[in-house]
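*Asks:* Quick one: this structure, given as structure tokens, is what I'll be asking you about.
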Amino acid sequence: MKFHWFHLMPYPDLPDDFRQAHRSVWVDPDSRLYDPVKGHHMYNEYLDTLEYAAEVGFDGIGVNEHHQNAYGMMPSPQLWAASLARRTRDVNIVLMGQSIALYNPPTRVAEEMAMIDAVSGGRLIAGFPVGTSMDTNYAMGSNPATLRDRYRENHDLIIKAWTEPEMFAWNGKYNKLRYVNIWPRPVQKPHPPIWVPGGGSIETWDFCADMDYNYSYLSFSGYKRGEQLMKGFHDRLAELGKPFNPFQAAFAQQIIVANSMQEAEDRYFEHARYFFERCLHVYPGFADAPGYRTEATIRAGLRAQVGGSATAYGKSFKELVDEGFLVAGSPDEVTEQMEHLISSLQVGHLFCLLHFGNLPQDKCMDSTKLFAEQVMPRLRHHWEDKYEDRWSPNPLPPEQRAEPRPVRQPAKV
């Protein structure tokens with residue numbers, strides 16, 4: 001079983017009346033609520049926390065791309081991935097990812113990810129999200145009717161740019177390039193493992209099955225509601241004649257580890273409530289632009305992740321835990337809940353959302369340390385020696401890696 005510490009990087013200072021005074025945290029929130037000085041401290045604390053997760057033994061540390069929102073303030077996750085690649089040694093860099101349909105030309109994605117793979121010594125996981133409707137259609141102005149078609153062409157161009165040693169021309173529907181000859185090339189061959197994050201669509205399932213990619217369900221409604229969707233993914237693979245492998249699936253879960261369930265509620269509930277009630281306050285009109293979901297997905301009854309009915313708004317701490325929005329409690333209680341999550345969802349990779357909302361750094365690190373030391377080791381045995389994990393990086397051996405120079409302290413005068 002593999003565990004990845006994932007950071008959404010939310011803005012932690014939205015006002016108490018945000019939900020009442022503003023229609024959405026995404027696309028059109030009042031930018032005057034953002035304080036650049038607070039942002040300076042926020043970003044540096046968040047990077048410190050990601051590096052701490054690497055130090056305590058997580059398999060990967062993850063970042064992702066969003067635009068025009070206070071929920072996930074990483075418009076350019078490749079910047080963070082580059083920093084983390086330089087500042088860490090053995091942990092995987094989960095760039096989950098760059099919304100490849102938005103890049104023109106997409107060879108920019110191929111170049112940037114190749115650089116990160118080079119700096120890290122082959123530790124990159126390349127995430128290829130289609131992107132939310134809020135980001136792609138409303139914030140960035142992409143046509144929802146052509147978004148998936150553009151995504152597929154951009155994907156094909158990136159893969160060819162990584163794997164074709166000869167210079168070539170690309171005469172596609174959306175990209176016209178006379179010379180494609182990227183430098184650098186990825187360390188991993190033929191390219192870094194590709195993970196496709198999604199909220200649930202038939203087309204994404206089929207794409208992952210066809211390309212042998214990892215499907216990552218980035219859920220906000222918890223593992224109990226995620227069970228049906230993950231079952232749908234595994235059933236779809238079976239229908240297409242693909243063998244079951246839990247490492248082809250990943251799931252994201254909000255987690256709190258404390259000394260007891262009561263301490264988890266006393267120290268963390270206010271921050272979980274901030275996340276569910278402010279950070280996920282999305283105007284439904286932004287969540288699902290006409291044409292964004294395909295007919296097959298609509299017919300299957302798969303709904304948008306945000307702006308839908310599976311809301312945690314107004315729920316008590318106990319309800320959040322009982323309904324699976326949160327995995328929380330003492331190390332023993334969290335381990336028990338995680339056992340059920342892993343077996344019911346049949347996933348080999350877990351995105352651990354140990355930071356959420358306006359959670360302070362000290363509380364986040366306390367929970368992270370308890371999970372790493374008292375929960376993670378008790379769950380490692382899942383899927384051990386039964387399945388090959390073909391979706392994790394294949395880095396350079398230690399003797400071939402560069403040794404980063406230590407940070408120099410300024411000389412005293």
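*Asks:* Return a yes/no flag: does region 254-272 have any residue that is aromatic (Phe, Trp, Tyr), within 20 Å of the chain's Cα centre (by Cα) and more than 17 Å from THR132 (Cβ to Cβ).
*Replies:* No, that holds for no residue.
*Asks:* Can you report the number of residues in region 317-346 which are over 21 Å from ARG278 (Cβ atoms), out of contact with any helix residue (DSSP H, G or I) (no Cβ under 6 Å at 6 or more places or on another chain) and of a type in the set (A, V, I, L, M)?
*Replies:* Within region 317-346, residues that are over 21 Å from ARG278 (Cβ atoms), out of contact with any helix residue (DSSP H, G or I) (no Cβ under 6 Å at 6 or more places or on another chain) and of a type in the set (A, V, I, L, M) number 1.
*Asks:* Could you list, in sequence order, the residues of region 105-132 that are out of contact with any helix residue (DSSP H, G or I) (no Cβ under 9 Å at 6 or more places or on another chain) and surrounded by 24 or more Cβ atoms within 10 Å (Cβ to Cβ)?
*Replies:* The answer is ILE125, and nothing else.
*Asks:* Kindly indicate the residue of region 362-390 that is within 29 Å of TYR43 (Cα to Cα) and within 20 Å of the chain's Cα centre (by Cα) and also surrounded by the fewest Cβ atoms within 10 Å (Cβ to Cβ) among those meeting that condition.
*Replies:* Result: MET365.
*Asks:* Follow-up. Residue check: is ARG86 assigned to a helix (DSSP H, G or I) and either of a type in the set (Asp, Glu) or free of Cβ contacts under 8 Å to residues at least 24 places away in the same chain (or both)?
*Replies:* no
*Asks:* Could you please let me know if ALA402 is among the hydrophobic types (A, V, I, L, M, F, W, C), surrounded by fewer than 18 Cβ atoms within 10 Å (Cβ to Cβ) and touching a helix residue (DSSP H, G or I) at 6+ places or on another chain (Cβ under 9 Å)?
*Replies:* yes
Residues are listed down the side, and each one gets a yes or a no for (1) in a helix (DSSP H, G or I); (2) in contact with a His (Cβ under 7 Å, 6 or more places away or on another chain); (3) crowded, with 23+ Cβ neighbours inside 10 Å; (4) not hydrophobic (A, V, I, L, M, F, W, C):
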site: MET42; (1), (2), (3), (4): yes, no, no, no
site: TYR46; (1), (2), (3), (4): yes, yes, no, yes
site: THR49; (1), (2), (3), (4): yes, yes, no, yes
site: ALA54; (1), (2), (3), (4): yes, no, no, no
site: PHE58; (1), (2), (3), (4): no, yes, yes, no
site: GLY62; (1), (2), (3), (4): no, yes, yes, yes
site: MET73; (1), (2), (3), (4): no, no, no, no
site: GLN78; (1), (2), (3), (4): yes, no, no, yes
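*Asks:* Does at least one position in region 150-171 carry a residue that is surrounded by fewer than 21 Cβ atoms within 10 Å (Cβ to Cβ), hydroxyl-bearing (Ser, Thr, Tyr), under 20 Å from HIS66 (Cα atoms) and more than 19 Å from the chain's Cα centre (by Cα)?
*Replies:* No, because not a single residue in region 150-171 is surrounded by fewer than 21 Cβ atoms within 10 Å (Cβ to Cβ), hydroxyl-bearing (Ser, Thr, Tyr), under 20 Å from HIS66 (Cα atoms) and more than 19 Å from the chain's Cα centre (by Cα).
Only the coordinates and a few stated rules stand behind these numbers; no lab work does. Computed from a prediction, not measured in an experiment: that's the story for all the values here. All Cβ positions, even for glycine, are placed from backbone atoms using ideal geometry, and neighbour counts span all protein chains on display.
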